[in-house]
Amino acid sequence: MSERNTVIENSLTTLLKDESFLPDLKAQTREQAFKSLVALLSTPNHVHKSYLRVSLENGTIVRIPSFRVQHNDTLGPYKGGIRFHESVNEGEVSNLARLMTLKNALHELPFGGGKGGVIINPREYTVKELHLICKKYVQYFNDILGPDKDIPAPDAGTGEREMDWMMAEYKNIHPGEPYRGSFTGKSIINGGSLGRKQATGKGVYFTFRYMMHNFLKEQERWLQTQDNIFAETALNHLDKKLKVAVQGFGNLGSVAALEAFQCNYLQNEVIAVSDRQVMLYNSDGLDIPALLKFAEENDGDLPSAKEDLSAHDIKAEIRDRDSLLEIDADVLIMAALENQIHKDNMKKIKAPLIVEGANAPITEEADKYLSDQGTLIVPDILANAGGVIVSYLEWIQGRETQFYKEEQIYELLYEKMQNTMDTILPQFFGDPFPLRQNCYIHSVMKLSTVLFRQGKLY
Ligand code: NAD
């Protein structure tokens, strides 16, 4: 994943010069306090490591490296997913934990940032072995986890099944104590929230829709103050449909594509979607509900042969997977993996608006290049917070043992995302910084103010 190590330092350098921010801090004290802030916010509080001892079904005993990084708890208990992946490492987990601290601060969630990782390819283990790995993870990290300490959630390679197992083990170790808030992303029957699965995809699409709404409402200000090529596309939308392309058709991408397909507020046509194997293209728009049905019946995959398409009456051309990034679309929704737009393909990107659903799908170099070209990039920290927002709602519901209806969840989700956008967008107008930097500055401001008010900078 691309390093964004300098973001906190850059944000603090900008804030140091702005004397209206923390005006009580002056001269040398100010310099010292800002140095302390760089140290406090850019390094994790704790990096916990363990080798899980797991007995496999064939009788072998293996030691599996695993981590939990607790980046910062200024705003509340640590919160962030657990990733099961063969290439996960301490650096990646630390970067993701830092992003969680900043994301939770941006969206006013009462959480700090954390992340976990287990170095395995989950496909290589039996269900029984995965169950044991989950139990061991909770046993080894038991002292640092809990509803008021550190609350994990699913990430790549984990889902509601793993969260159910982990919560059950936590409950075993802590009899008689509250346990529902110890993990989020659980199944509904085990105290999970309605709408959690759809939350990130819906949030990603909502962010895009709200940007468009703002463009159209504030078009004169946009055109005067922002030098980006999307402004023109947005205005043209009044006469023509927006062409949307979605990279990735998993949990996030398929929901975002369906939202775009069904949207009543904007006229969209989803002209391309891709997954790990193919890209499907139709200049008149793809039948997203039919593709969803196919994916549900085929292990999540899109049709990859002409026969599959004709058998399901789906009109689309099958094209090379990665060419999706280069097609002539108005909006590109990135919903697959990290580092997809990089120095080798950045010059071929045509879409004037890119929405980051996945974490860090654009490398720093490509981000700078595209932003300089006037491409508007809606960053991950702003667009993909739907999952953690609904995790927060799940945590509240678990504590209260009162559960919301699905529509209530979406209303609360959109309200929270709208509040964040309403804070960020006015700052963005007339401001030299790209949206991403605006978001980071806002998060760092919030964290720094809380640390200052708590007397932690002396
Ligand atoms: P997922 O595993 O359900 O789906 C991933 C999709 O990407 C699949 O359709 C897969 O076939 C496709 N894919 C894999 N490699 C590809 C490639 N090279 N080109 C095109 N498609 C490719 O994962 P998800 O839950 O949809 O999450 C997607 C990304 O968003 C992940 O990076 C995840 O960490 C991030 N994310 C997810 C959530 C969430 O709540 N789901 C929240 C925040 C961030």
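The packing ranking of peptides 245-252, 90-97, highest mean first, is 245-252, 90-97, where packing means the average number of other beta carbon atoms within 10 angstrom of each residue. Set the Förster radius R0 to 60 Å, insert the Cβ-Cβ distance between LYS293 and SER20 as r into 1/(1 + (r/R0)^6), and round the FRET efficiency to 0.05. After rounding, the FRET efficiency stands at 0.65.
Packing-based ranking of 442-451, 195-204 yields 195-204, 442-451, ordered from highest to lowest mean Cβ neighbour count within 10 Å.
For the peptides 363-374, 395-406, residues were scored by their other Cβ atoms within 10 Å and the scores averaged per peptide; the highest-first order is 363-374, 395-406.
Charges on Cβ only, +1 for Lys and Arg, -1 for Asp and Glu, centred on the Cα centroid of the chain; of TYR410, MET163, GLN139, which one is farthest towards the dipole's positive end? Going by the Cα projections, it comes out as GLN139. Ranked by how many other Cβ atoms sit within 10 Å of their own Cβ, fewest first, the residues VAL118, VAL278 fall in the order VAL278, VAL118.
Work out the length of the dipole vector of the chain about its Cα centre, built from +1 on the beta-carbon of each Lys and Arg and -1 on the beta-carbon of each Asp and Glu, and round it to the nearest 20 debye. I would put it at about 1280 debye. Here's the picture: a label point sits 7 Å out from the Cα of GLU326 along the beta-carbon direction, and within the stretch 333-371 the residues with their amide nitrogen under 15 Å of it are 341-351.
For the chain, the mean residue ellipticity at 222 nm estimated from helices alone is -14500 deg cm²/dmol, where every DSSP H run of n ≥ 4 contributes -39500 (n - 2.57) and the total is divided by all residues, rounded to the nearest 500.
Annotation: the residues TYR210, TYR51, sorted from fewest to most other C-beta atoms within 10 Å of their own C-beta, follow the order TYR51, TYR210.
Assigning unit charges at the beta carbon (Lys, Arg +1; Asp, Glu -1) and nothing else, what dipole magnitude in debye, to the nearest 20, does the stretch 4-49 show about its Cα centre?
On the way: 6 positive and 5 negative charges, 44 e Å.
Magnitude of the dipole: close to 220 debye.
When ARG83, ARG53 are sorted by how many other C-beta atoms sit within 10 angstrom of their C-beta, beginning with the fewest, the order is ARG53, ARG83.
Cα centroids of the stretch 295-312 and the stretch 357-423: 30 Å apart.
No value in this document is a laboratory result; all are computed from the given coordinates. All figures in this text were calculated on a predicted structure; none of them were measured in a lab. Note that we place each Cβ from the backbone using ideal geometry, even for glycine, and neighbour counts take in every protein chain shown.
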